[in-house]
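The values are calculated or read from the model by the stated rules, or taken from the named source; none is laboratory data. Not measured: the values here are computed from a predicted model. Every residue, glycine as well, gets a Cβ built from its backbone with ideal geometry; the counts of neighbours run over all protein chains shown.
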């Protein structure tokens, strides 16, 4: 018998399940609290349920297990990088970053990725499978349990393209922000997409208050195509139009992520082209000096070159920051830790 993933149920779905197995509705409240507040990993931990009822749950449901394989802690800034093992033996990674405003966790949404962006280690080896809502939650829950610290911000920018795992991702957001669970504000959740236009528009209709970050990385359609295969499917004009639609529907300012690669997209012409397409948009640009990976020969620009690029954008009235590098003494780039583990097996 295929057991149902109980941690992926919304509260309403859990109530319905309890009714269907002949239990009272208040059982849903008890179980939901164990799963999403007390972060129980097994039914045996649910001590206010009778042993008979716990055995009944074990027969029909499962809590997908996620365990820590490796934890790296940066000596520079205390950033934690986690390598997690899933029930089927697949591995994913997550990062905990500590800021003055609270703890931020960057999680994965897929095992591997099929988007093929040239500068990213996550996509080497392609896509294995989508993560379940419970597995995405599990990354955050395990980090809270291991560190004993509350997570206040979540960015879905780890391995995978969240809009390529649309239904599971949206359900994850609803569960994460549910007031009966961890209750992380949707305004503190950011999703990064490389620009899957139909699902960007679909997301705009979900009535969520999350921040949308577009991986732009090229100032023209041609330049984007050199770095991002997804650009062969969607024109830059279509992607920007979908960003405008998201802003119009949600009122949430768009963030544009721009990985600066030395000699590829970091010159004055690139800056001018960026200004041209973004100057009339209510947006924020996050410049990311690329993390070199051994499978590619991309290098990050010098600090001075990155600052010059930033200054050019600022002078034209665009809100811009250079992302602070975190965990540079550990496997910091997205996908690096998982890649090293998979290669070493």
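Could you list, in sequence order, the residues of region 165-180 that are over 30 Å from residue 237 (Cβ atoms) and surrounded by 20 or more Cβ atoms within 10 Å (Cβ to Cβ)? Write out each step before concluding.
Step one: of region 165-180, the residues over 30 Å from residue 237 (Cβ atoms) are 171-172, 174-180.
Across region 165-180, the qualifying residues are 172, 175, 176, 177.
Quick check: is even one residue across region 161-169 part of a loop (DSSP other than H, G, I, E, B), within 20 Å of residue 86 (Cα to Cα) and at pLDDT 95 or above?
Going residue by residue through region 161-169, those that are part of a loop (DSSP other than H, G, I, E, B) are 161, 165.
With the extra rule that they be within 20 Å of residue 86 (Cα to Cα), the set shrinks to 161, 165.
Narrowing the set further to residues that are at pLDDT 95 or above leaves 161, 165.
Scanning region 161-169 turns up at least one residue that is part of a loop (DSSP other than H, G, I, E, B), within 20 Å of residue 86 (Cα to Cα) and at pLDDT 95 or above.
Considering only region 137-159, state which residues are closer than 12 Å to residue 106 by Cβ and at pLDDT 95 or above.
139, 140, 143, 151, 153, 154, 155, 156
Can you name every residue in region 232-284 that is outside any helix (DSSP H, G or I), modelled with pLDDT of 95 or more, crowded, with 16+ Cβ neighbours inside 10 Å and out of contact with any strand residue (DSSP E or B) (no Cβ under 7 Å at 6 or more places or on another chain)?
Once the filter is applied, which keeps residues that are outside any helix (DSSP H, G or I), modelled with pLDDT of 95 or more, crowded, with 16+ Cβ neighbours inside 10 Å and out of contact with any strand residue (DSSP E or B) (no Cβ under 7 Å at 6 or more places or on another chain), region 232-284 yields only 234.
Here are 77, 41: which of them is in a loop (DSSP other than H, G, I, E, B) and in the same structural domain as residue 181 (by TED's automatic domain parsing)?
Working: 41 fails: in the same structural domain as residue 181 (by TED's automatic domain parsing).
So the residue among 77, 41 that is in a loop (DSSP other than H, G, I, E, B) and in the same structural domain as residue 181 (by TED's automatic domain parsing) is 77.
Might you check whether a residue that is in contact with a helix residue (DSSP H, G or I) (Cβ under 9 Å, 6 or more places away or on another chain), surrounded by 15 or more Cβ atoms within 10 Å (Cβ to Cβ) and under 20 Å from residue 139 (Cβ atoms) occurs anywhere in region 41-51?
Looking for residues that are in contact with a helix residue (DSSP H, G or I) (Cβ under 9 Å, 6 or more places away or on another chain), surrounded by 15 or more Cβ atoms within 10 Å (Cβ to Cβ) and under 20 Å from residue 139 (Cβ atoms), one finds at least one in region 41-51, hence yes.
If you go through region 191-205 one residue at a time, how many are without any contact (Cβ under 8 Å) to a residue 60 or more places away in the chain and out of contact with any helix residue (DSSP H, G or I) (no Cβ under 6 Å at 6 or more places or on another chain)?
Total meeting the criteria: 4.
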